[in-house]
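As structure tokens, the structure follows; a few thoughts come after it.
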Amino acid sequence: MIITIDGPAGAGKSTIARLLAQTLSEQSGKTFEYLDTGSMYRAIALLGLRRHVDWNIAGQLESLTKNTTINVNNGKTFLDGEDVTELVRSPEVTEKTRFAADNPAIRLIMVTLQRSIAEQFVRCGKGLVTEGRDQGTAVFPDAPIKFFLTATPKERAKRRLKELQDCGKQGDFNEILRRITERDLRDTSRTVGPLRIPENAIQIVSDGITIENVVNQMLQKIAAEK
Ligand code: DC
């Protein structure tokens, strides 16, 4: 079974997808894997940074992508075999990821890869919780259960600020809010794989709701669909 979770940046998709996969595995006795598709686009951006690509020449990042192996396994992201899970979260990578995500040829490679990862899991009798911007719309439009997880930009900015503060870092609320709004605009206006509410998706707005509560809502919906 494939479960998709789409939604904007900072809605808590990764945390929730991971927890949902873990809970489903515990409850059903069947292993549910978790796929963070954003990390794949991030890995390509990291590669571009390392190889000093000219970001204005789309073909450069494209040909690097064609000659690279991206792998996502057990919540970890590998670039040519190297575990880059932590490295792809850096602000420099975040800033450059749009060059991978906005490139139609790179998207096609990633979508093909995501489908083949899912096929492999299903073939081995596993389930999959996959999250991103286009999972329920473009990559797995026939998935039996699709969620659209969102929160208002202010709520997402508030959470991001708290995350920074919890790590002893400073942050400016208005600047964080501006970046979130900018990413929303980019994600929804992308010509290939834009962020949209998938057809038949269950929408969850997580303002003021705990992570556990969101996961419980999802579990109830999944149980009701069976
Ligand atoms: O979810 P995230 O912040 O790790 O995603 C990084 C970027 O990749 C984000 O700008 C949107 C893009 N992305 C995408 O275009 N399609 C996906 N399936 C996942 C992420």
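Please treat every number below as a calculation from the coordinates, not as lab data. Since this is a predicted model, take the numbers as computed values, not measurements. Positions of Cβ are generated from backbone atoms using ideal geometry, with glycine treated the same way; all protein chains shown enter the neighbour counts.
Here the Karplus curve 6.51 cos²θ - 1.76 cosθ + 1.60, taken at θ = phi - 60°, turns the phi angles of the stretch 56-71 into couplings of 7, 10, 4, x, 5, 5, 4, 6, 4, 4, 5, 9, 10, 10, 9, 9 Hz, with x standing for Gly and Pro.
With θ taken as phi - 60° and the Karplus curve 6.51 cos²θ - 1.76 cosθ + 1.60 applied, the whole-hertz 3J(HN,Hα) list for the stretch 93-110 is 5, 3, 5, 8, 4, 4, 5, 7, 5, 8, 8, x, 5, 5, 4, 4, 5, 5 Hz, x standing for glycine and proline.
If both residues of a DSSP beta bridge must be in the stretch 1-134, then about 40% of such bridges are antiparallel.
In terms of packing, defined here as the mean over residues of other Cβ atoms within 10 angstrom, the peptides 157-168, 18-29 line up highest first as 18-29, 157-168.
The reciprocal of the average 1/r between distinct C-alpha atoms defines the Kirkwood hydrodynamic radius, which for the stretch 58-150 equals 14.7 Å. Taking Cα centroids, how far is the stretch 42-66 from the stretch 134-148 in Å? Comparing the Cα centres of the stretch 42-66 and the stretch 134-148, I get a distance of 28 Å.
Sorted largest first, the principal axis extents computed over the alpha-carbon atoms of the stretch 124-171 equal 43, 26, 14 Å. Taking amide H as placed 1.01 Å from N in the peptide plane, the amide H of Gly127 sits under 5 Å from that of Thr31, Phe32, Glu33, each at least 5 places away or on another chain. In plain terms, the residue of Val214, Val122 with the fewest other Cβ atoms within 10 Å comes first and the most crowded comes last, giving Val122, Val214. Once you've got the Cα coordinates, tell me which of Lys30/Lys221; Lys154/Lys226; Lys126/Lys158; Lys96/Lys162 are over 30 Å apart. Table pairs above 30 Å Cα-Cα are Lys154/Lys226; Lys126/Lys158.
The GNM of the chain, with springs linking C-alpha atoms under 10 angstrom apart, assigns the highest mean-square fluctuation among Thr137, Thr31, Thr150 to Thr31. Whole-Hz Karplus values for the stretch 213-221 come out as 5, 4, 4, 4, 4, 5, 4, 5, 5 Hz, taken residue by residue from phi with 6.51 cos²θ - 1.76 cosθ + 1.60 and θ = phi - 60°; glycine and proline positions read x.
Rounded to whole Å, the principal axis extents of the Cα atoms in the stretch 14-87 read 48, 20, 19, largest first.
If you look at the Cα atoms of the chain, you get an Rg and a Dmax of 17.1, 50 Å. For the stretch 1-133, the convex hull spanned by the alpha carbon atoms encloses 102 Å³ per residue.
Across the alpha-carbon atoms of the stretch 96-226, the computed radius of gyration and Dmax are 16.7, 47 angstrom.
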